[in-house]
1. When the convex hull of the Cα atoms of the stretch 233-292 is projected onto a plane and the area is averaged over all directions, what value comes out in nm²?
2. Give the peptides 275-281, 136-142 in descending order of average Cβ contacts within 10 Å, highest first.
3. In the stretch 302-334, which residues have a backbone nitrogen under 20 Å from the label point lying 7 Å from Asp130's Cα in the Cα-to-Cβ direction?
4. Given Phe366, Pro347, Cys383, which one lies farthest toward the positive end of the charge dipole of the stretch 342-387, if we put +1 on the Cβ of every Lys and Arg and -1 on the Cβ of every Asp and Glu?
5. Restricting things to Cα coordinates, could you compute the convex hull volume per residue of the stretch 206-317 in Å³?
6. With +1 on each Lys and Arg Cβ and -1 on each Asp and Glu Cβ, how big is the dipole of the stretch 58-194 about its Cα centre, in debye rounded to the nearest 20?
7. Placing unit charges on C-beta atoms (Lys and Arg positive, Asp and Glu negative, everything else neutral), compute the dipole magnitude of the chain about its Cα centre in debye, rounded to 20.
8. Relative contact order for the stretch 146-288 using alpha-carbon pairs under 8 Å, separation at least 6, rounded to a whole percent?
Amino acid sequence: MHLNRALQVTAAASSLLLVSGCGLFSDSTASTAGFNPPNIKMQSELGPAEGQVNLIAWAGYVEDGSNDPKVDWVTPFEKETGCQVKAKVAASSDEMVKLMKTGAYDAVSASGDASLRLIAGGEVAPVNTDLIPNYEDVFFGLKKQSWNSVNGKMYGVPHGRGANLLMYNTKEVSPAPLSWSAVFDDASKYKGHVTAYDSPIYIADAALYLRETRPGLHIQNPYALDQQQFDAAVDLLKAQRANVGEYWSDYLKEISAFKSGDTVIGTTWQVIANLAESEGAKVKAVLPQEGATGWSDTWMLSAKAKHPNCAYKWMNWIISPKVNAEVAEYFGEAPSNIKSCDETSDPAFCDTFHATDENYWKDVAFWTTPIEQCLDGRTDVKCVPYAKWVQAWTEIKG
């Protein structure tokens, strides 16, 4: 259903009133207690543009028309700022961290499973949001969070967000699943046809499920696991392994597996569910009753940036209302700028991706890099750091 422009404006105005009453404009209170990154000076003012900016990004984040002539937000940026964009597409968070360590790049679109690693390693600098005018319109649910800030300092600008949902074949899976138990405790019903996201951060999905089903473990934050809690999550995933047909990281392969019937249930993203359904797959995606993990990407500034002024201009550009709407629709995620919902080509887009539904996001635990300092505030134990998650993931997959 398409609304005319007048109705769109009225709906957007009502939406803004609604979300402002639901906490989207109340300040965040994330804590990274005990985490003290290197003291890197924050830029105080913008200087002349250097004429170039070197970026590391996820595929679909820095489009210049070469993949699709209709999809280009780089060329207008270059014309407006004089900053020529050179972009490197990374296939994983680990690759992003490795590339940032070279010092050859000015900024990166880091997910939460990379951001604290970059901050702790001194690879990125705190960002002066006063130099980024469009930051004011970013949803407060994305500001000063545990994956993009430390001690109240922002280490980048939020790009967008999405949830890791449960997708199932509506013909093969009955009754419709309401719980992650369908891929954990009850996964044997679909032996060989279960899929899961191929990353160490998936351990948090198991921890989130255990938080609700084994209260005796006292899990508060699925990214803050002491050894006992971590071992329980790993054991659950080792048990699940016998029922997994394939771990996915390439969304096209997941769509293909659901279309062919090789996979009938597992984790997904909203954009994958939409594409799979549009290609004829009989699927549905749900946010289970336990909640879900999710991802929020942040454009972060290299501490060694050779073109910091152009990087600042890029960060402001990529979260501007129209551009952020274009990226969100192309990639398939909720935009980070509240004004972007007025700019989407599909007037229902922000509803589909729950962009303004803060109650929806309260049930999503966004990827955050696990560190020894427990992110849930505990000081009497050490939590298992990400390096151990990587090691355990190798063991889980065999």
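1. On the way: hull surface 18.2 nm².
Computing the convex hull of the Cα atoms and averaging its projections yields 4.6 nm².
2. Details: 275-281: 15.7, 136-142: 19.7.
Going from most to least packed, we get 136-142, 275-281.
3. 308-317
4. Cys383
5. Values: hull volume 19.8 nm³, N = 112.
Here the figure is 176 Å³ per residue.
6. Values: 14 positive and 17 negative charges, 77 e Å.
It comes to approximately 380 debye.
7. Numbers: 34 positive and 48 negative charges, 119 e Å.
With Lys and Arg at +1 and Asp and Glu at -1, about 560 debye.
8. Values: 199 pairs, mean separation 57.4, N = 143.
Rounded, it is 40 percent for the stretch 146-288.
Read the figures in this text as sums done on the coordinates, not as results from a lab. None of the values given here were measured: they were computed from a predicted structure. Note that each Cβ is placed from the backbone with ideal geometry, even for glycine, and that neighbours are counted across all protein chains shown.
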